[in-house]
Amino acid sequence: GLVSDQVHMALVAGLLALLGIAGWRVAETMQANAAIDRNDPAGALRWRPGNPQALLQQAEAKLTTRDLDAAEHLARRQLQATPADGRGYRVLAQVAAARGQPDRALELFRIAAKRAPRDLASRGWLAQHALEQGRPAEALAQIDAVLTLSPSAGRRIYPVLVQLAGDPAFANVLATTLVERPAWRGSMLAALRAPKGGDPVAADRVLASL
């Protein structure tokens with residue numbers, strides 16, 4: 001009947017309108033993602049003002065220029081879009097550290113590492129903080145995660161660990177970690193025994209505890 005035809009046409013029109021909106025949103029998302037791939041967060045935000053990855057990139061860029069207020073504002077916007085993403089907390093932690101707020105920075109970095117366990121910057125800061133506080137076991141737990149997630153980071157980390165292993169207390173903690181046979185054990189032992197850059201005394205001390 002006429003009424004049923006009118007209802008049918010209204011449904012079709014509604015579906016087409018929804019498809020049009022959905023299609024436009026897909027196009028917006030594709031354009032935003034393309035801008036992110038070009039390292040153009042501003043361009044991405046023009047397409048999708050709440051794009052979390054673009055907001056994060058802009059926040060990180062503001063950090064490098066020491067624009068702390070802008071970095072904090074962008075990180076909070078990023079967290080509003082993706083509350084579970086720990087990287088936003090890491091930016092807030094970096095802001096707090098730059099402002100000389102170590103307690104707040106520590107709290108935020110811990111949240112960041114918990115919510116984004118693959119975020120190496122958070123784990124690196126926590127490792128450094130633990131070393132400064134005289135907690136080598138805690139530091140090595142973070143370093144273990146970094147080396148497991150990013151083996152290539154060993155090029156920078158192993159020489160530091162070799163130097164730290166010159167301290168007998170740290171060498172003992174390092175040996176305790178290596179007993180667990182982490183994936184980087186062989187590379188660490190090779191760094192300790194390397195003719196150039198190694199430390200034979202520390203190497204003997206660590207090996208004796210294995």
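Details
- In the assembled protein chains, His129 presents an accessible area of approximately 30 Å² (probe radius 1.4 Å).
- Given a 1.4 Å probe and the protein chains as shown, Asp103 ends up with an accessible area of around 130 Å².
- Net charge of the neighbourhood of Ile111, taken over other residues with C-beta under 14 Å away and scored Lys/Arg +1, Asp/Glu -1, is +4.
- Here Arg99 sits with roughly 90 square angstrom of accessible surface, probe radius 1.4 Å.
- One decimal place: the segment Arg66-Arg135 gains 21.8 nm when fully extended, by the rule 0.36 nm per residue minus the C-alpha distance.
The values are calculated or read from the model by the stated rules, or taken from the named source; none is laboratory data. A quick note: this is a predicted structure, and the numbers were derived from the prediction, not measured. Note: ideal-geometry Cβ built from the backbone for every residue, glycine included; neighbour counts use all protein chains shown. With ligands, DNA and RNA removed, areas are computed over all heavy atoms of the protein, side chains included. Shrake-Rupley method; radii C 1.70, N 1.55, O 1.52, S 1.80 Å.
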